[in-house]
Every structure is written in structure tokens, then in C-alpha cells.
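Please read the structure below before turning to the comments.
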Amino acid sequence: MATVETVRGPVDTAALGTTLMHEHVFVLTPDMLQNYPAGWDEELKVADAVEKLRRLKAQGVDTIVDPTVVGLGRYIPRIQRVNEQVDLHIVVATGLYTYRDVPFPLHYVGPGTLLDGEEPLVQLFVSDITEGIAGTGVKAAFLKCAIDEPGLTPGVERVMRAVAKAHRATGAPITVHTNVHNRSGLEVQRVLREEGVDLTRVVIGHSGDSTDLDYLRQLADAGSILGMDRFGLDVLLPFEQRVETVVRLCTEGYADRMVLSQDASCYIDWFPAGVVEQVMPNWHYEHVLRDVVPALRERGVSEDQIRTMLVENPRRYFEHVEPY
Ligand SMILES: [Zn+2]
């Protein structure tokens, strides 16, 4: 039996069921929150998350994969509190989220820095996977890093290479936040390939923001899984185009290289109150099963292909975790 670590402990991968591969619970900026706490009420936010995740479970989702790492306000005790009250598998990550620089506690240590020495990030990531996160007993099951509009800055490259090394040391799979406008998924594949990473163990996140089929085929042909994972962010790419791109790739035989998700959260402090509901009304947990899956069916995507994207691909992604 293959198992995957979740907030509530190891789970048989066969029990993951319908899985949304990129959803956050909370996206927060802790040092802003500590100094400007207006708008945050811990009890209310936990209760709100419980309610939203219960509705998601009732809708038919069994598992969410939450790539909230340092840089996005990861705080596992809060996720444990929520998960105690919701019967849902929540898979959490280790890694670091930055578009440019590493945080200051890493600025002067590590290869090529003022104090030089070994890369401390690798051990931090490995220990989250093998020992657990910050004494909570919860283990991370995958690795996350990011590359965005500024491209492969020294900080971004440092984190990506550390993620690759922690992946090889543990076997835990990788998810990368990418920006489709500079086709940065290809840069990710180049760096990870240089580090000896098996690209089939990598989700190229936010690929679904693109309609560039040549780009998407190139990523998938190299073996990676395309994160069609921002359904509901219609301001970045409208619903119809997101759906059409998935339909087209299914027709071409790529269903085994795509996962569906929304990149939504119960609460994100990046936008003023009320803005998400007003500007991005479909950006919530229930959009994929409520609107996307029926639209895919209507356009000829088969039940088998839907199951492949929502159940089989996530399961396969979390299996075969051996160091190499
Ligand atoms: Zn995200």
C-alpha cells in the first residue's frame, strides 16, 4: 500500500479520491498581520474555513493539495484546527515562495553569500518531509517553489535548485508556480533537468493560464503534469478559453498530463475585503466541480478522462516516492 502524508497523518493513496491539486486554505503575510491586524479574527476565519471546506467535501471533493509554504504564510497549527472539524484530506507542502530574493535569514548564508557554507534550504525542506513541520508532527508531502515575471533571478534559482536536491533526497514530488507569459515552465524544466530531476514528478503550476498549445505540448511531452489550476481566475484568462484548452489537449491524448484546480483559498490577504467576490466571482473552491467539469463533459471530454485528471493523476503523483 502506498501512502501519502496529510495533516491528519498518512493516507492510502487509493483513498485520495477526487483531488484538487492546488488550493490554499489561508494565504497570509504574517508580519503585516501582526502589525495591522484589522480585518483578521482568528476564530471567525477558522470557522469560515471549516464551513467552506465542509461544503467542498459535500460537493464530492475528497482531497485538497495545499502548496502554501514560507512566503505565503504557512502555519500548520491553524490548518490542524480547521482539519479537526472537516473530514477532508489536506496535503501540505514545504518549499519557499518568492519571485525574486530569498528571505533575509538566508541572505548571508549559503553558497556564494557573505558567510558562504552549505545551502541551508535543502535541510529545512528535507526535515519538513522526513521529520515533520515545526514540531506539529505533520509532514510535508511535496515541494513548492516559484518563478514569475522577473524570471530566473539568483534567489529564484537558489530555491529551485534546493527544491530539486530535497526532491532527490526524499522522492517527494514538486509543484512550481510559473508565469505563462514568459514561458517560464521551460526554464523550470531546464533547471530541474540539470539537477537530475525526473520531470514526470513535476507539476508545472498555472499552465492553464495559457492558450499556447505549442508551449503546453512541449512541457507535457517532456513528461511534466500541466497545472490547469486557476479555474475561476477569469481576469487572467476567461473561463471559455481555459475550458477549450483542456478539451483540446484531452483530444490530443494529454489527459494523463493535466490536473484541474482553482488556486483558491478561504482567505487571502492580497486583496481588500470584497474585491475577490466582486471582480472574480468564480474564484472559489466549488467552481471546478460545479462549472468546469460539466463544461468539459458538454464538449466531449469523457468520464474516463475526467477521472484521470481529478483522481488518477494526483494519485500517481504521490506514489513511487523513493529517493534517487
Ligand atoms: Zn497558489
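Summary of computed values
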{"item": "Local net charge near THR94, Cβ-Cβ under 12 Å (Lys/Arg +1, Asp/Glu -1)", "result": "-1"}
{"item": "Normalised contact order of the chain, rounded percent, pairs of Cα under 8 Å and 6 or more residues apart", "result": "20 percent"}
{"item": "Residue of GLU277, GLU195, GLU131 that the Gaussian network model of the chain assigns the largest fluctuation, springs spanning Cα pairs under 10 Å", "result": "GLU277"}
{"item": "Neighbourhood charge, 15 Å Cβ-Cβ cut-off, centred on GLU131 and excluding it, Lys, Arg +1 and Asp, Glu -1", "result": "-1"}
{"item": "Positive dipole terminus of the chain, leading residue within MET160, THR308, HIS284 (C-beta point charges)", "result": "THR308"}
{"item": "Probe 1.4 Å, accessible area per residue of the chain, Å²", "result": "42 Å²"}
{"item": "Value of relative contact order over segment 175-324, rounded to a whole percent, pairs C-alpha under 8 Å and six or more apart", "result": "21 percent"}
{"item": "Candidates VAL102, VAL65, VAL259, ranked by Gaussian network fluctuation over the chain, Cα under 10 Å, top entry", "result": "VAL102"}
{"item": "16 Å Cα-Cα reach of LYS144 towards lysines, excluding residues that sit fewer than 8 places from it in its own chain", "result": "LYS165"}
{"item": "Highest-fluctuation residue, LEU226, LEU96, LEU115 considered, GNM on the chain with Cα pairs under 10 Å", "result": "LEU115"}
{"item": "Leading residue at positive end of dipole, segment 1-148 (Cβ point charges), from THR113, GLY73, THR6", "result": "THR6"}
{"item": "Cα-centred dipole magnitude for the chain, charges only on beta-carbon of K, R (+1) and D, E (-1), debye, nearest 20", "result": "280 debye"}
{"item": "DSSP bridge pairs, the chain: antiparallel proportion in percent, nearest 5", "result": "15 percent"}
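The values are calculated or read from the model by the stated rules, or taken from the named source; none is laboratory data. Remember, it's a predicted structure, so these values are computed and weren't measured experimentally. Virtual Cβ from ideal backbone geometry, glycine too; neighbours counted across all protein chains shown. For the accessible areas, the whole protein counts, side chains as well, though only heavy atoms, and no ligand, DNA or RNA atoms are used. Shrake-Rupley method; radii C 1.70, N 1.55, O 1.52, S 1.80 Å.
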